[in-house]
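For reference, the structure discussed in these notes is given below.
Derivation of every value follows stated rules applied to the coordinates shown; laboratory data play no part. What you see is a predicted model; the values in this text were computed from it and never measured. Quick reminder, even Gly has a Cβ in these numbers, built from the backbone with ideal geometry, and neighbours come from all protein chains shown.
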């Protein structure tokens with residue numbers, strides 16, 4: 001697998017995959033298409049977050065998104081794993097684990113966070129194998 005930063009010429013593939021992701025049981029609800037389009041522009045700029053494309057034999061297999069935020073309790077910059085999507089035909093081949101290890105090695109930080117749906121048992125299993133554990137906080141939004 002090749003992991004690389006997203007490029008402008010990835011627009012069509014990224015938007016297809018993001019639509020697939022937000023139509024899946026891995027998320028609570030879909031988002032407007034304009035959010036995905038705006039996110040693509042942000043990821044290409046790489047200012048607040050980075051999107052990485054996964055390729056296998058020249059074909060796009062998925063993507064992963066990380067954001068970097070300063071959290072005082074972590075003692076520094078925190079890596080927030082925002083999204084991980086692997087197309088169905090590429091699942092169960094270790095892409096998720098490879099992505100996390102790539103980020104851990106290339107963007108070390110004292111703390112990494114992510115969110116996951118309670119019903120996403122496969123993802124939770126992967127995250128636990130990678131050393132993640134549930135926090136007792138309640139995520140709130142406005």
Packing-based order for 133-140, 97-104, using average beta carbon neighbours within 10 Å, highest first:
97-104, 133-140
Can you give the Kirkwood hydrodynamic radius of segment 91-142 from its Cα pairs, in Å with one decimal?
12.6
Based on the Cα coordinates of segment 48-130, what is the per residue volume of their convex hull in Å³?
102
I'd like the antiparallel share, as a percent to the nearest 5, of DSSP beta bridges with both residues in segment 55-142.
75
Listed residues 117, 13, 73; largest mean-square fluctuation, Gaussian network over the chain with Cα springs below 10 Å, found at 73
Compute the Cα gyration tensor for segment 20-90, then decide on rounded, prolate or oblate, letting a ≥ b ≥ c be the square roots of its eigenvalues: rounded whenever a/c is under 1.5, prolate when a/b is larger than b/c in the other cases, and oblate in all that remain.
prolate
Just the ratio, please: alpha-carbon radius of gyration of the chain over 2.2 N^0.38 Å, N its number of residues.
1.02
Just from its helices, what would the mean residue ellipticity at 222 nm be for the chain, if runs of 4 or more DSSP H residues each count -39500 (n - 2.57) and the sum is divided by every residue, rounded to the nearest 500 deg cm²/dmol?
-10000 deg cm²/dmol
